[in-house]
Amino acid sequence: MTAPRNVIDRHTRRAILALAMVACGSGLLAQTGSGPGAEVLALEQQIEEAIVRGDVAFVDRVTPADFSFVHGDGWTRGGRPLMSDDKAAFLKRVADKEYLVHDLDQVKVEMHGDVAITAGRYVSLFVPANRNPATPARLNSIWFERVYAKRNGQWQFLSHRTVHGPTVAPAGIDPTAARPDPRDKP
């Protein structure tokens with residue numbers, strides 16, 4: 001004998017509700033809507049926009065004195081990063097408007113109370129102030145992990161680490177999606 005349709009539907013609804021509750025508890029659904037995860041993602045977007053605008057006051061306000069920004073993924077294989085910025089060096093980059101584009105893509109947030117970790121990619125059009133005008137600007141794809149903490153009721157951007165890249169990305173296409181990275185051995 002088969003179960004009546006409404007019994008199956010009730011069990012299915014319970015399973016969906018249970019999965020949704022697990023996902024909410026793990027921070028997976030914090031990417032949309034409201035709540036701390038959405039606040040962090042909104043701040044991350046505002047920071048990217050401020051970097052492109054050269055809004056030093058905003059970036060200064062949302063970063064602590066011990067802010068750290070690690071460029072390049074060499075450190076992930078035991079090497080050195082391309083560069084490491086403290087707060088002053090990063091604010092100088094913002095003031096110099098070295099980035100004409102900083103577009104976020106595929107960003108996820110993982111919540112741990114008053115600490116948030118974001119991971120994703122941004123496409124960056126890097127135009128340093130000291131570059132040769134004959135050299136074209138570089139469009140790069142950069143995968144990252146960032147740490148935020150809520151301090152005195154406000155989210156602060158504590159740290160950025162590039163985990164893959166920069167990879168030159170013509171037309172904003174992530175070349176790592178199309179071919180394997182030769183540094184990765186099977």
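Here are some notes:
- Spherically averaged projected area of the convex hull of Cα atoms, segment 33-177: 9.3 nm².
- Ranking of TRP75, TRP143 by neighbouring Cβ atoms within 10 Å, starting from the fewest: TRP75, TRP143.
Here, each number is a calculation from the coordinates, and none is a lab measurement. Just so it is clear, the structure is predicted and the values come from calculations on it, not from any experiment. Heads up, the Cβs are rebuilt from the backbone with ideal geometry, glycines too, and the neighbour counts pull from every protein chain shown.
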